[in-house]
1. In debye, nearest 20, what is the charge dipole magnitude of region 6-63 about its Cα centre with +1 on Lys and Arg Cβ and -1 on Asp and Glu Cβ, if you could check?
2. At 7 Å along Cα-to-Cβ for each site, give me the label-to-label distance between ALA73 and GLU147 in nm.
3. How large is the direction-averaged shadow of the alpha-carbon convex hull of region 1-100, in nm²?
4. Order 214-225, 35-46 from most to least packed using the mean count of other Cβ atoms within 10 Å.
5. Calculated from DSSP H runs of 4 or more alone, at -39500 (n - 2.57) each and per residue, what is the 222 nm mean residue ellipticity of the chain, nearest 500?
6. Taking every alpha carbon pair in region 129-241, what does the distance histogram look like in 10 angstrom bins from 0, in percent?
7. Assign one of three labels to region 179-255, namely rounded, prolate or oblate, based on the Cα gyration tensor with a ≥ b ≥ c the square roots of its eigenvalues; rounded applies when a/c is under 1.5, prolate when it is not and a/b is larger than b/c, and oblate otherwise.
8. Can you compute the charge dipole magnitude of the chain about its Cα centre, using +1 on each Lys and Arg Cβ and -1 on each Asp and Glu Cβ, nothing else charged? Give it in debye, rounded to the nearest 20.
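Bear in mind these aren't lab numbers, they're just calculated from the coordinates by the rules spelled out. Bear in mind that the values here come from a model prediction, so they are computed numbers and not experimental data. Positions of Cβ are generated from backbone atoms using ideal geometry, with glycine treated the same way; all protein chains shown enter the neighbour counts.
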Amino acid sequence: MNPLQALIFDVDGTLAETERDGHRVAFNQTFAAAGLPWQWSVATYGDLLEIAGGKERIRYFIERHQPPLPDTADLEGLIRTLHEAKTQHYREIVQQGQISLRPGVARLIQAARQAGVRLAIATTSHLDNAIALLETTLGKESSAWFEVIAAGDIVPRKKPAPDIYTYVLAHLGLPPQHCVAIEDADQGLQSARGAGLSVVITVNDYTRHQNFTGADLVISHLGEPDQPHQVLSGPPSPAPYFTLETAIALLDQRP
Ligand code: XBP
């Protein structure tokens, strides 16, 4: 049996650089449309990313920054309404083609499909966001390539809790020893590790200085034959880009 049965992808920051130019912009569009004088700069948003989940991030911003608030007793209702509008704005940004996949993502997904390696998604973001990104970047039919798309509020505790990865494994019917998670951030690493998975980190500008102790491999991105990746920590790569063989080698070295 192939030791590699499934690849489980995080979405935001891993499949694409969605945070700075996608989610952040959508939050700001939402605040402006709601008449709120809130603006999340690139730097502020970097700090807010410590909190996974859009609704949770808005709540944290209100508690931490005490911005001017509309006159309402229903704070939870306000957060819910803002987040629904933000999801809409984000989908529009993605569907306009403003976000592209990171190097090597499409290549690795196609290689997995050809080799019969199963695919899944584990994201904190809203399901509609994940589907919009997949369908816009990989084609209308592509969301069906993923046997499980676990997203948003499907589990009670978001990353860094292991729940979303545990959910994916349960629905794939696979033990973690036969799967590799691909992530971009420390919260995702903790979540996937907590579920017993091997983890590959592809860093980005928001996450490259985080602590990735416990990751099996940390690389700049998945890479392409003509766009080699850099190995930041972990075993030297036999190829200048991440392959299914690299994933199998990581599983083989598990204690
Ligand atoms: C990233 C997140 C999300 C997005 C915003 O999730 O934390 O909250 O920033 O999306 P992941 P929502 O890295 O797990 O894909 O507003 O839909 O929550």
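1. The dipole magnitude comes to about 220 debye.
2. So the two model labels end up 5.1 nm from each other.
3. Averaged projected area of region 1-100's Cα convex hull equals 8.3 nm².
4. Ranking the peptides 214-225, 35-46 by packing returns 214-225, 35-46.
5. One gets -12000 deg cm²/dmol as the mean residue ellipticity at 222 nm.
6. Taking all Cα pairs of region 129-241, the binned fractions are 14, 37, 40, 9, 0 percent.
7. oblate
8. Computed charge dipole of the chain: roughly 200 debye.
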